[in-house]
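Bear in mind these aren't lab numbers, they're just calculated from the coordinates by the rules spelled out. The structure presented is a predicted model; accordingly, all values stated were derived computationally and were not measured. Here the Cβ positions follow ideal geometry from the backbone for every residue, glycine too, while neighbour counts run over all protein chains shown.
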Amino acid sequence: MILKKEEIVDTEEKIKIKLHKEKNIRRKDRLMFLYLIKSGECTTLTKVGKILCKNRATMKEWALKYKKGGLEELLKRETSNGVTGILTKDELFELDKKLKTSEGFTSYNSVRLWIQKEFNKEITYKGVYNLCKYKLNTSLKVPRPSNPSQNKYEFDDFKKFY
């Protein structure tokens with residue numbers, strides 16, 4: 001076993017109190033991990049992993065984190081930098097500006113082709129859709145098609161009275 005009962009500095013009561021107060025499920029799992037070892041309920045990481053429905057490798061990682069920095073290190077929130085976007089901030093700003101102009105784009109495919117022409121970068125249709133919809137919070141503003149034989153003056157009169 002990588003982490004022994006004696007190596008856990010925090011008392012069983014302190015861990016139990018923190019466990020009951022904790023609302024974050026990920027931190028709660030980690031506290032439960034410590035509690036199971038400290039209380040002597042489990043003697044191996046495999047047993048702890050089975051109880052918490054986690055892999056033995058995860059238990060090993062948590063044990064090493066606790067050994068490295070104690071409870072603070074174990075409960076520290078891990079954030080990833082994530083994958084960097086295809087477009088830079090300046091390119092996103094330019095695209096947003098272009099989307100907000102009156103001419104705009106007629107389709108997401110035309111946006112994709114514009115990005116390919118302007119920035120020489122390949123992006124999928126779905127990527128363009130997600131970029132416009134969720135990252136830039138915009139949508140393509142294309143008016144509904146109207147009948148070409150429609151009389152424009154009669155339409156304006158209709159709008160005024162109805």
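With contacts taken as Cα pairs under 8 Å and at least 6 residues apart, the chain reaches a relative contact order of 15 percent.
Over the C-alpha trace of the chain, radius of gyration and Dmax come out as 28.9, 88 angstrom.
In segment 5-75, the inverse of the mean reciprocal separation of distinct Cα atoms equals 11.9 Å; this is its Kirkwood hydrodynamic radius.
Which chymotrypsin sites (Phe, Trp or Tyr not before Pro) does segment 8-89 hold that lie in a coil by DSSP with at most 15 other beta carbons within 10 Å? Numbers along the way, then the final one.
Numbers: sites: Phe33, Tyr35, Trp62, Tyr66; in loops: none.
Sites meeting the loop and neighbour criteria: none at all.
Expressed as a whole percent, the proportion of Cα-Cα pairs in segment 88-143 lying more than 15 Å apart is 41%.
If I fit a long axis through the Cα atoms of helix 108-119 and take the longest principal axis of the Cα atoms of the chain, what angle between them do I get, 0 to 90°, rounded to 10? Result, in degrees: 80.
Using DSSP to define loop residues, name the trypsin sites (Lys or Arg not before Pro) in segment 10-70 whose beta-carbon has at most 12 other beta-carbon atoms within 10 Å. Sparse-neighbourhood loop trypsin sites (Lys or Arg not before Pro): Lys23. Cross-linked pairs Lys100/Lys152; Lys18/Lys76; Lys21/Lys54: Cα-Cα separations exceed 20 Å for Lys100/Lys152; Lys21/Lys54.
Placing a pseudo-label 7 Å from each Cα along the Cα-to-Cβ vector at Lys14 and Thr138 gives an inter-label distance of 5.4 nm. Cα centroid separation, segment 2-32 to segment 62-128: 36 Å. Listed by chain and number, the aspartates and glutamates placed with their C-alpha closer than 15 angstrom to that of Lys65 are Glu7, Asp10, Asp29, Glu73, Glu78; residues fewer than eight positions away on the same chain are left out. Charge dipole (Cα centre; +1 on Lys/Arg Cβ, -1 on Asp/Glu Cβ; no other charges) of the chain amounts to roughly 600 debye.
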